[in-house]
Structures are given as structure tokens and as C-alpha cells.
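Comments concern the structure below.
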Amino acid sequence: MTTATEALQSARASKGANGMSYIEQALQSVVQRNPNEPEFLQAVKEVLESIAPAIERHRKYQDQRILERITEPERMLMFRVPWTDDQGNIRVNRGFRVEFNSAIGPYKGGLRFHPSVNLSILKFLGFEQVFKNSLTTLSMGGGKGGSDFDPKGKSDAEVMRFCQSFMTELQRHIGAATDVPAGDIGVGGREIGFLFGQYKRLRNEFTGVLTGKALNWGGSLIRPEATGYGAVYFAEEMLATRGDSMKGKICTVSGSGNVAQYTVEKINQLGGKAVSLSDSNGTIYDPNGIDAEKLAFVMELKNIRRGRISEYAKQFKGVEYRENANPWNIPCQCAFPSATQNEVSGADARTLIKNGCILVSEGANMPSDPQAIDVYLENKILYGPGKAANAGGVACSGLEMAQNSQFMYWTREEVDAKLHNIMRTIHANAFNTAKEYGCEGNYVVGANIAGFVKVADAMIDQGLV
Ligand code: NDP
Ligand code: 2IT
């Protein structure tokens, strides 16, 4: 005989009075509350739909209203960032920090400086970061921030004045045990330096409040390499499940920034051949392969001269430059989207597969749109979603925090070994979790459930806060 409470629970578990499941109800309320945030809704929908097997198996998540709680940021900060350009004109940008979830550690996640930045984009990135950081095995909550400031065409002095103004407000809200920002699009070593200098000056403390610092003042070896290396380590793990490896694989890579550069380096080291890079103006296709010497040219072009990828085609023979195009119609076996969100459409995904692509490992955050993901899953290719495949960057940030708190520096070999081990663990966790929930080979289900369960259980342990 069932008790009244059990009967009520069972009714609530499947369909509510309005005929909707708990996940559908939670999703509908997120849609209603955030009507002008397409990127955020896209990220939430993907996670909520894919964790259904865990929500159905464990009643506690519904009883504790975890979906309603986990989709609402703990805190969002928006602030004015005034600065003067080199001509003495006053400029105003908008600064943000979305402190999404601190159940398993201090808020952690990058800062993005790009003219497209808005609350929807930072909420999607912060939401993804919560699950990604959970997967790393380290103690980090999720957050993201940035500004609609456009670093393109700005002098070093302008970037410095902007960073100082941005940090003048942000410093009130962050700290080594509270919230630890890092880089993302448009924020690299130069910006982290200016931000750190201003934090230290205002707070009179030298702490690990930012990661991605330079080596001579608290940075970690391998942090610049970590996201790209990690995405390729993750690809190698996925290939190993089919008795295959990166050796001899033709690889397309999009973007030409931090993640793309070290993705190419690791592809080369593991015996693959990277044949493309891109930026927001176009794509270069180098069928001979982007070897170490050519990559050194790209690094100087992008990190120092801050030029356009089209220059690569002028510099090297046999290279095609495709204006306003992405790399997805270049034949490849492995694709590494490493530029930005929604850069691979359903049509692009079909083209990739038609041309022989068997693996997609996402260096960027949410680079594949929902239709593209459907195409990968229908065709059963190896698909490593960003929150698993690109977690190496933030994982190495966690290792930087660990070194800072001990006033220690680890060697390149030590950090790389830890990074490699973390990527193997993330892969195994995502793979085994998918299997446990009856979706073998589906890393979307595996990564989302594994990332979710750790955070959700911590939220339950800590009471209704
Ligand atoms: P960078 O700023 O170093 O490089 C970004 C690259 O992507 C540039 O080549 C840029 O071209 C291109 N790009 C950016 N926006 C667009 C756009 N709207 N359309 C076309 N191309 C674009 O950034 P990262 O390499 O650090 O970041 C790349 C991706 O990886 C992002 O999705 C980021 O969130 C993600 N990521 C980064 C991590 C890190 O540690 N840095 C960690 C995990 C994920 P252009 O110069 O023309 O703008
Ligand atoms: O998207 C990401 O994981 C990052 N931009 C890196 C975040 C971090 O804190 O290192």
C-alpha cells in the first residue's frame, strides 16, 4: 500500500497537474524569466534536456527544486567602465561579472572583452562553467565576466587604462577565496597583467586573485597551452575508445587565438596534421600542414603584431585564403572548433561528416549549435562537448591557484602530467556516466550528468542557501 506522501511524490515525479514533466516546467520558467537571452536559454535547454535520466532516477533533485536554483545565478554585477582614449576622448563601456554558483568552490571563470558581450552571453558562459569546473575534479565554482570593450585597434596604453578602470570596480567583488577571474576571448597575458597590477595597488595584497598570470609573478607553466592541449588530449581519449589515435589525422581548427594556437601545437606533437586556422575575417587552408615554424609565425602575428590571419596566405606557399568563410567545408577527420559560440551550424556539421569527419572536440564554448549537435549524435561520431573537451584551461587555472596558495612553482612536466591526467579522468567520468545512464558513447549526456550531480549534491548538503 502506498502512503499519501508516496502517492503525491510519484505524481509529482512524472507529470505535473499541467501535464508537464519537472524538466519541462523548470525549462518553461527559465524561458519566461529570461526572454531576451537566446544564448543563455540555448545552454540551459541543452543541459536540462540531457540530464533527464538523472532527474528521473533521483527524486531528491525535484524535491529540492535544484533545476530552478541551479539556473539562477547567485549574483550578477553590472557596472560602468569609463576611460579615456589616446585622443583624450571619454569612452564608456559596460562591465559584468556573473557569479553563478559557489557550491563546490570560489566562483571561477574567464573575462571576455568583445563588442558582442552582453548578459545573455555571459550567463551562458557562466552556466557552462559551473558544470565544466565540476568535471575538472578540482574545487571551483562557476562564474564569467567581461565587457563590451573591443580591444581591436586599441593601443597598449588604451587597453591598460580600460583594464585599470574595469578593475577599480571589479576588485570589490573578487578575491582569492571568493571569485577568481582569468582570460577568455580578448583577454590574454597582457590584460591579466594590467588587471592584476591595479588589483594589487587598490587592495595592497599579492594573492592568486587572477589566473593566467605571467610566470615571473605567480603564473603557472602550461596555463597558456592548457585549453588547446586539453582539447587534443580529450580527442585522443575519445579515439582510443575505438582503437584509434591522432596519428596521421587531418584536422581542421577554427580561430587563431590562444586555444587554436595550442590545439595546433598538440595536434602536431601527436602526429596529426592541422590544415586550417581562421579569424572573424576569414579562413586559411594550408593542405601542407601548419608546422612548428608556421605556427611560430601565427603566434607572432596574433599575439604581438595583432594582425589578420590573411597574412599567413601571403607568407607561405600553397595556402588558400577564404574571405568570410569558416573551415567546415575543408575535408578532415577531426575538427576542433576553437573560436566562438554557434560557429558550426547543422549544415556545417553535415558537410563535415560527408567529407569524412569522425570526431569533433570543442575548444570553444558552445561552438556547435543545437542542430549541429543533433547531426553529430545521429551519425554517432565522437563528439566532445566544450564543457568536457575544453576544461583543461580552467583545470590548469585550478593548478595555478594551488601553486599560489602554497607559494610554490611546479615544473612544466609536473603541470602537463596533472593536466593530462585530469583530461583522462574527465573523459572516463563522462564516458562511464553516459554508460551508467544507458547512453553509451553520448558525451553530452555523460558530461552534463557527471558535472551536474556533483554540484547539485553539494547544494543539497549545504541547505537552502
Ligand atoms: P582569443 O581572443 O585568443 O581568440 C579568439 C579567436 O576566435 C580569434 O581568432 C577571433 O578572431 C575568433 N573569434 C572571436 N569571436 C569571433 C566571432 N564572433 N566570429 C568569428 N571569429 C571569432 O580567445 P581564446 O582562444 O581564449 O578563446 C576561444 C574560444 O575558446 C572561446 O569560445 C572561449 O570561450 C573558449 N575557451 C577559452 C579558454 C581559455 O583558457 N582561453 C578556456 C576554455 C574555452 P578575431 O581576432 O578576428 O576576433
Ligand atoms: O571558458 C573557460 O573555461 C575559460 N575561459 C578559462 C577560465 C579560467 O578560469 O581559467
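The values are calculated or read from the model by the stated rules, or taken from the named source; none is laboratory data. It should be emphasised that the depicted structure is a prediction, and the values quoted were computed from it without experimental measurement. Every residue, glycine as well, gets a Cβ built from its backbone with ideal geometry; the counts of neighbours run over all protein chains shown.
Okay, here's what the table says:
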quantity	calculated
All positions within the stretch 232-270 that are assigned to a helix (DSSP H, G or I) and polar (S, T, N, Q)	N258, Q261, T263, N268, Q269
Answer from V453, V415, V445 - the residue that is assigned to a helix (DSSP H, G or I), of a type outside the set (G, A, S) and either touching a strand residue (DSSP E or B) at 6+ places or on another chain (Cβ under 8 Å) or crowded, with 23+ Cβ neighbours inside 10 Å (or both)	V445
Within the stretch 362-378, considering residues that are outside any loop (DSSP other than H, G, I, E, B) and closer than 19 Å to A240 by Cα, the one nearest to ligand 1 (Cβ to nearest atom)	Y376
Positions within the stretch 169-198 being crowded, with 22+ Cβ neighbours inside 10 Å and more than 12 Å from ligand 1 (Cβ to nearest atom), in sequence order	L170, I174, D179, V180, L195, F196
Complete set of residues in the stretch 39-55 that are under 14 Å from G126 (Cα atoms) and not polar (S, T, N, Q)	E39, F40, L41, A43, V44, V47
Residues located in the stretch 110-153, provided they are within 10 Å of ligand 1 (Cβ to nearest atom) and either out of contact with any helix residue (DSSP H, G or I) (no Cβ under 9 Å at 6 or more places or on another chain) or polar (S, T, N, Q) (or both)	P115, S116, Q129, D150, K152
Neighbours by Cβ (under 6 Å, 6+ apart or cross-chain): first from the stretch 252-265, among the aromatic types (F, W, Y); second at pLDDT 95 or above	Y262/E225; Y262/G228; Y262/Y229
Whichever residue in the stretch 1-22 is at pLDDT below 95 and among the hydroxyl-bearing types (S, T, Y) and, among such residues, is surrounded by the most Cβ atoms within 10 Å (Cβ to Cβ)	S10
Near pairs, Cβ below 7 angstrom, 6+ apart or cross-chain, from the stretch 396-407 (within 9 Å of ligand 2 (Cβ to nearest atom)) to any residue that is of a type outside the set (A, V, I, L, M, F, W, C) and in a helix (DSSP H, G or I)	C396/R223; S397/R223; E400/R223
Residue in the stretch 431-442 that is surrounded by 23 or more Cβ atoms within 10 Å (Cβ to Cβ) and in a helix (DSSP H, G or I) present	yes
Inter-residue pairs, beta-carbon under 9 Å, first touching a residue at least 40 places away in the same chain (Cβ under 8 Å) and in a strand (DSSP E or B) and in the stretch 132-149, second among the hydroxyl-bearing types (S, T, Y) and surrounded by fewer than 24 Cβ atoms within 10 Å (Cβ to Cβ), 6+ apart	G142/S102; G143/S102
The stretch 216-232 residues that are away from ligand 1 (no atom under 13 Å from the Cβ), paired with ones that are modelled with pLDDT of 95 or more and of a type in the set (A, V, I, L, M) (beta carbon under 6 Å, 6 or more apart)	L221/V415; V232/I267
Hits in the stretch 103-129 - residues which are buried (at least 23 other Cβ atoms within 10 Å of the Cβ) and among the hydroxyl-bearing types (S, T, Y)	Y107
Counted residues, the stretch 387-415 - those being within 27 Å of A177 (Cβ to Cβ) and either of a type in the set (A, V, I, L, M) or within 16 Å of ligand 1 (Cβ to nearest atom) (or both)	17
Selection within the stretch 340-361 - more than 16 Å from ligand 1 (Cβ to nearest atom), more than 19 Å from G441 (Cα to Cα) and aliphatic (A, V, I, L, M)	A347, L352
Residues within the stretch 311-324 that are crowded, with 17+ Cβ neighbours inside 10 Å and outside any strand (DSSP E or B), tallied	3
Filter pass, A296 being among the hydrophobic types (A, V, I, L, M, F, W, C) and either surrounded by fewer than 15 Cβ atoms within 10 Å (Cβ to Cβ) or in a helix (DSSP H, G or I) (or both)	yes
Number of positions in the stretch 379-400 that are closer than 18 Å to E440 by Cα, assigned to a helix (DSSP H, G or I) and touching a strand residue (DSSP E or B) at 6+ places or on another chain (Cβ under 6 Å)	1
